[in-house]
Amino acid sequence: MNVVLLGPPGAGKGTQAKLVKEYLSCPHISTGDLLRDAVKKELPIGKEAKSYMDKGELVPDEIVVRMVADRLTQSDTGNGFLLDGFPRTIEQAKFLGAELDKIDKGLDLVVYFKTSEEVCVSRLSGRRICRDCGAIYHVKNMPPKSDGVCDVCEGELYQRDDDKEETVRNRFRVYEKQTEDLIKYYGEMGLLYEVSGDTDAEELFEILKKKFDSIQKNA
Ligand code: AMP
């Protein structure tokens, strides 16, 4: 199944994507993750993207669309994909439609995680990540046993630059402004399925599974 996950940073898309990718046996493709990886590896794309990402601004389309087009043609997408963080604008959505047409594919569903700014800010500004193994914590909701140290591997925990409160607020507002039209666009195409990103993760996964099952039954 070919699915797009829409929702502001902190809406819980990543958490659901981890569960859903197992359920649907398809890769989770997050443009934010791909870009962060390119920054870490000091690839040309990463060098171009970094200054935008640090401010919470959108990376220019010519960089992002090239990256997505490459990723979608890799063989692991044969069974479908979960696209997270892309598209963010109508232009990107049109590009995605055209790319999928070229490889005889189409979207089955666009899940929109509607979430309030305060919930997103609280989730992201408290998030801490292990530098070594990537385990994720939250200073209030899921604190490590020892401050600043990973329970799993004892690595150092850090806060992503763009998880600082001011940047999170900016990312949220940029996201809202950019995706308003996108939500309308996919709504008019009959692909949009709106859920609340404030819902408990397990409950939300059950809701999504039912939706995927019903699409597969009617396919
Ligand atoms: P995310 O992890 O989805 O919040 O993305 C982190 C950052 O990567 C964003 O704040 C943008 O700077 C950049 N980014 C991710 N996806 C896109 C996209 N589709 N278009 C432009 N910039 C993006």
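Can you give the Rg to Rh ratio of the range 161-219, both from alpha-carbon atoms, with Rh computed by the Kirkwood formula?
On the way: Rg = 15.3 Å, Rh = 14.0 Å.
So for the range 161-219, dividing Rg by the Kirkwood Rh gives 1.09.
Summing Cβ point charges (Lys, Arg +1; Asp, Glu -1) relative to the Cα centre of the chain gives a dipole of roughly 80 debye.
Quick check: at a probe of 1.4 Å, how many percent of the accessible area of the chain sits on carbon and sulfur atoms? Intermediate results must be reported in sequence, preceding the final value.
Details: 5620 of 11740 Å².
On the chain, the fraction of accessible area on carbon and sulfur atoms equals 48 percent.
For the range 57-71, 3J(HN,Hα) computed residue by residue from phi via the Karplus equation (6.51, -1.76, 1.60; θ = phi - 60°) reads 8, 6, 6, x, 3, 4, 7, 5, 5, 4, 5, 5, 4, 4, 5 Hz, glycine and proline entered as x. For the range 120-219, the square roots of the Cα gyration tensor eigenvalues, ordered a ≥ b ≥ c, give a/c of at least 1.5 with a/b no greater than b/c, which places it in the oblate category. Taking label positions 7 Å along the Cα-Cβ direction at both Asp198 and His138, the computed distance is 1.4 nm, reported to one decimal. Backbone phi angles across the range 30-40, fed through the Karplus curve with coefficients 6.51, -1.76 and 1.60 (θ = phi - 60°), yield HN-Hα couplings of 10, 5, x, 5, 4, 5, 5, 5, 5, 5, 4 Hz in residue order; Gly and Pro are listed as x. Rolling a 1.4 Å probe across all protein chains gives Ser214 an accessible area of roughly 50 Å². Beyond 26 Å in Cα-Cα separation lie the following of the pairs Lys13/Lys209; Lys50/Lys211; Lys55/Lys105: Lys50/Lys211; Lys55/Lys105.
Only helices enter the 222 nm calculation for the chain: every DSSP H run of n ≥ 4 contributes -39,500 (n - 2.57), and dividing by all residues gives -16000 deg cm²/dmol, rounded to 500. Which of the three applies to the range 1-67, rounded, prolate or oblate, going by the alpha-carbon gyration tensor with a ≥ b ≥ c and a/c under 1.5 meaning rounded? In terms of gyration-tensor shape, prolate.
Note that the range 123-128 has calculated 3J(HN,Hα) couplings of 5, 7, 6, x, 6, 10 Hz, one per residue in order, obtained from phi through the Karplus relation 6.51 cos²θ - 1.76 cosθ + 1.60 (θ = phi - 60°); glycine and proline are x. Scanning residues 5 or more positions from Ala135 or on other chains, those with amide H under 5 Å from its amide H are Cys130, with H placed 1.01 Å from N in the peptide plane. Less than 5 angstrom separates the built amide H of Ser30 from those of Asp84, all sequence-distant by 5 or more or on a different chain.
For the chain, what does the accessible surface come to per residue with a 1.4 Å probe? Please give it in Å². Walk me through the numbers on the way to the answer.
On the way: 11740 Å² over 219 residues.
I get 54 Å² per residue for the chain.
Counting only protein heavy atoms and using a 1.4 Å probe, the accessible area of Glu62 comes to about 120 Å².
Comparing Gly197, Gly187, Gly80 in a Gaussian network model of the chain, where Cα atoms under 10 Å apart are tied by springs, the biggest mean-square fluctuation is seen for Gly187. Axis of helix 44-55 versus longest Cα principal axis of the chain: the two differ by about 70°, to the nearest ten degrees.
Per residue and in Å³, how big is the convex hull formed by the alpha-carbon atoms of the chain? Walk me through the numbers on the way to the answer.
Details: hull volume 27.5 nm³, N = 219.
Enclosed volume per residue, from the Cα hull, is 126 Å³.
Please list Met1, Met142 in order of solvent-accessible area, largest first, computed with a 1.4 Å probe with all protein chains present.
Working: Met1 30, Met142 105 Å².
Putting Met1, Met142 in descending order of accessible area: Met142, Met1.
Working from label points 7 Å from Cα in the Cα-to-Cβ sense, the Thr15 to Lys114 distance is 1.9 nm. The H on the amide N of Val149, modeled in the peptide plane, is under 5 Å from the matching H of Leu157, each at least 5 residues off or on a different chain.
Counting only protein chains, not ligands or nucleic acids, how are Arg173, Arg36, Arg127 ordered by accessible area (probe 1.4 Å), most first? If you can, show how the numbers build up before the last one.
Values: Arg173 130, Arg36 75, Arg127 45 Å².
The ranking, largest first, comes out as Arg173, Arg36, Arg127.
With each label modelled as a point 7 angstrom along the Cα→C-beta vector, the Glu48-Lys105 pair spans 2.2 nm. In the context of the full protein assembly, Tyr193 retains an accessible surface of approximately 50 Å², using a probe radius of 1.4 Å and ignoring ligands and nucleic acids.
The values are calculated or read from the model by the stated rules, or taken from the named source; none is laboratory data. The shown structure was predicted, so the numbers you read here are calculated from the model rather than taken from an experiment. Reconstructed Cβ throughout: ideal geometry from the backbone, glycine too, with neighbour counts over all protein chains shown. Each accessible area value is taken on the protein alone, full model and side chains, heavy atoms only, with ligands, DNA and RNA left out. Shrake-Rupley method; radii C 1.70, N 1.55, O 1.52, S 1.80 Å.
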